[in-house]
Amino acid sequence: MPSQKIPFVKMHGNGNDFVLIDEFKEILIPEKEKSDFVKAICHRNFGVGADGVLFVQLSEKADARFRYFNSDGSEAEMCGNGIRCFCRYLVEEGYAGEEVRVETLAGILKLTVNRDGWWVKVDMGKPKFEASEIPAEGEGEFKKKMRVIDREFEVFAANTGVPHAVIFLESLDFDIVPYGREIRFSPLFPEGTNVNFARIIDEHNIQVRTYERGVESETLSCGTGSVAVAAIAVRHGLAKNPVTIHTRGGVLIIELESGVEGDRAYMTGTASRVFEGFINTGELRI
């Protein structure tokens, strides 16, 4: 990559952190170089350090186009914490008003940005529970018992923009990474999956820890994962609407609105803008 200075903003949603690159007026990182650039910039020793990179681009269908890349350089359809950060940036930079429409690979999403504390409410659409829509092996709703390393889990799954496996446990006081990795790469999920370990606190509160596909480790918070946990918990009578999800990085409020075609999910959480500067691309280890 030629040596140049690229402006960036560092943001996070409940500790799930991102580098944001503004390509609204011009493309700064050529398409063929984006994956390598993302891997280099997300490295926490040789780059800025982040769970992923957000690219703000022009859209012909909405206020802006959302591009999200995981730290391993793979592009994902959606990121719940990332899109809140993305929308705060759009509002602050004057690209959109407080009611925002965003084009994503998961469809056009509607968001409401509250400048007081930078709380952002996201219309996450309808969670999908059919195995074929996740995608996962089998027919109907996904629910299977899986032997993973030395434990047996009952695994549910849903697609809330990206695939998620959900496991309810009495305690989350263990290293989730080896178990999450085994499930993430299970042949039961042909495109892989994110893995959420959840503990019911009471009917309106759930603790969640998430192993994220693409990051290939635990992150401090996962927006789409929090929606998946809440949706499955309410669907199976383990919790009641609304649900507050307690992640290691903070809380997310999930509301499920019933309709003829099924529940529609709304996620509300904060977005933080912590610093900005310039990336010297000539110094990146790509």
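Every number in this text was worked out from the coordinates using simple rules, so none of it is lab data. Quick caveat, the model's predicted, so the values are computed rather than measured. Ideal geometry is used to build each Cβ from the backbone, glycine not excepted, and the neighbour counts take in all protein chains shown.
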### Query
Which residue, PHE142, PHE46, PHE156, tops the fluctuation ranking in a GNM of the chain built on C-alpha contacts under 10 Å?
PHE46
### Query
Measuring from the lowest to the highest alpha carbon on each principal axis, how far does segment 118-173 reach, largest first, in angstroms?
42, 32, 14
### Query
About the Cα centre of segment 1-137, what is the dipole size in debye to 20, counting +1 per Lys and Arg Cβ and -1 per Asp and Glu Cβ, all else neutral?
260
### Filtered GluC sites (Glu not before Pro), segment 22-67: DSSP coil and at most 14 other beta carbons within 10 Å
GLU26, GLU60
### Query
Taking only DSSP H segments of four or more residues, each worth -39500 (n - 2.57), what value at 222 nm results for the chain once the sum is divided by all its residues, to the nearest 500 deg cm²/dmol?
-4500 deg cm²/dmol
## Note on the structure
Final fewest-first order of CYS222, CYS85, CYS79 on the 10 Å Cβ neighbour count is CYS85, CYS79, CYS222
## Note on the structure
All alpha-carbon distances of the chain, grouped into 10 Å bins from 0, give the whole-percent distribution 7, 30, 36, 21, 6, 0
#### Entry: Pairwise centroid distance, computed over Cα atoms, of segment 1-19 with segment 129-194, Å
31
### Message
If the only charges are +1 at each Lys and Arg Cβ and -1 at each Asp and Glu Cβ, what is the size of the charge dipole of segment 1-59 around the Cα centre, to the nearest 20 debye?
### Response
140
### Message
Show me, for segment 162-167, the HN-Hα J-couplings you get by feeding each phi into the Karplus relation (A = 6.51, B = -1.76, C = 1.60, θ = phi - 60°), rounded to Hz, glycine and proline as x.
### Response
9, x, 9, 9, 10, 10
### Nearest-ten-degree value, helix 223-235 long axis tilted from longest Cα axis of the chain
20
### Task
Arrange the following residues from fewest to most other Cβ atoms within 10 Å of their Cβ: MET146, MET267.
MET146, MET267
### Query
Which of these, GLU182, GLU99, GLU139, has the largest mean-square fluctuation under a Gaussian network model of the chain (Cα springs below 10 Å)?
GLU139
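Given R₀ = 41 Å, what would the calculated FRET efficiency be for PHE275 paired with GLU182, taking r from the Cβ atoms and rounding to 0.05? Show your work: numbers first, answer last.
Numbers: r = 36 Å, r/R0 = 0.88.
Plugging the Cβ-Cβ distance into 1/(1 + (r/R0)^6) gives 0.70.
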## Note on the structure
Residues ASP173, ASP17 in order from fewest to most other beta-carbon atoms within 10 Å are ASP173, ASP17
### Query
So between GLU77 and GLU283, what do we pick up on full extension, going 0.36 nm a residue minus the alpha carbon distance?
71.2 nm
### Query
Over 29 Å between Cα atoms, which of LYS5/LYS32; LYS61/LYS128; LYS126/LYS240; LYS5/LYS126 qualify?
LYS5/LYS126
### Message
To the nearest 20 Debye, how big is the dipole of the chain about its Cα centre, given +1 on the beta carbon of each Lys and Arg and -1 on that of each Asp and Glu?
### Response
280
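Which is the longest stretch in the chain that no exposed loop site breaks, taking sites as trypsin sites (Lys or Arg not before Pro) with a DSSP loop state and at most 15 other Cβ atoms within 10 Å? Could the numbers behind the result be given before it?
Working: sites that count: LYS25, ARG44, LYS61, ARG115, LYS240, ARG285.
Looking at the chain, 116-239 is the longest stretch - no exposed trypsin sites (Lys or Arg not before Pro) with at most 15 other Cβ atoms within 10 Å.
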### Message
Just to be sure I understand the curve: with the Debye formula and one point per C-alpha of segment 131-267, what is log10 I(q)/I(0) at q = 0.09, 0.11, 0.14 Å⁻¹?
### Response
-0.22, -0.34, -0.56
